[in-house]
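The values are calculated or read from the model by the stated rules, or taken from the named source; none is laboratory data. Just so it is clear, the structure is predicted and the values come from calculations on it, not from any experiment. Backbone-built Cβ (ideal geometry, glycine too); neighbour counts: all protein chains shown.
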Amino acid sequence: WYEDNSGETTHPVGSKAPNQYGVYDLMGNVWEWVNDWYEPYYKIRSKKNPKGPETGESKVVRGGSFDSSAGALRITNRVWLHPKNKVFPKVTTYGQIMNEIFNYIGFRCAQSIPKD
């Protein structure tokens, strides 16, 4: 879900088909709050399961929301959010920052699969 098809609102998880891995809604609908602390030099981290710094001031949100442009709907699209802030930056395809409210953010529960 993005600005051209969302009707300016969120939609129930699983309203669209899953990806090839069986995962729903990795991009769009709501920004995904992730556990990583924000670091501006993320591109120098490992390509496999990159980890952010151990501490920080801002968390990472990824993937765009129902109000994002189609060009912003990428798993690699990440912006920062200070956990105590009431607004967060929205990055458009032009790199402009605009204020948005917390209603645009969700989270995903995940569990590691034990190795046999």
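From the list 40, 83, 50, which residue is in contact with a Ser or Thr (Cβ under 8 Å, 6 or more places away or on another chain) and not hydrophobic (A, V, I, L, M, F, W, C)?
On the way: 40 fails: in contact with a Ser or Thr (Cβ under 8 Å, 6 or more places away or on another chain); 50 fails: in contact with a Ser or Thr (Cβ under 8 Å, 6 or more places away or on another chain).
Being in contact with a Ser or Thr (Cβ under 8 Å, 6 or more places away or on another chain) and not hydrophobic (A, V, I, L, M, F, W, C) holds for just one of 40, 83, 50, which is 83.
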Region 28-49 - residue that is of a type outside the set (Phe, Trp, Tyr), over 14 Å from residue 110 (Cβ atoms) and at pLDDT 85 or above and, of those, surrounded by the most Cβ atoms within 10 Å (Cβ to Cβ): 29
Failed item in (1) assigned to a loop (DSSP other than H, G, I, E, B); (2) modelled with pLDDT of 80 or more, with residue 80 passing the rest: (1)
Hey, residue 25 free of Cβ contacts under 8 Å to residues at least 40 places away in the same chain and outside any loop (DSSP other than H, G, I, E, B) or not: no
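Of the residues that sit in region 13-27 and are surrounded by 10 or more Cβ atoms within 10 Å (Cβ to Cβ) and among the hydrophobic types (A, V, I, L, M, F, W, C), which one is nearest to residue 70 (Cα to Cα)?
Looking only at region 13-27, we keep the residues that are surrounded by 10 or more Cβ atoms within 10 Å (Cβ to Cβ), and these are 13, 15-16, 18-19, 23-27.
Checking which are among the hydrophobic types (A, V, I, L, M, F, W, C) leaves us with 13, 23, 26-27.
Working: 13: 19, 23: 19, 26: 14, 27: 10 Å.
The selected residue is 27.
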Matching entry among 10, 55 (being surrounded by fewer than 16 Cβ atoms within 10 Å (Cβ to Cβ) and at pLDDT 85 or above): 55
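Go through 64, 71, 95 for me and flag whichever is on the phi > 0 side of the Ramachandran plot and at pLDDT 85 or above.
Working: 71 fails: on the phi > 0 side of the Ramachandran plot; 95 fails: at pLDDT 85 or above.
Of the residues listed, the single one that is on the phi > 0 side of the Ramachandran plot and at pLDDT 85 or above is 64.
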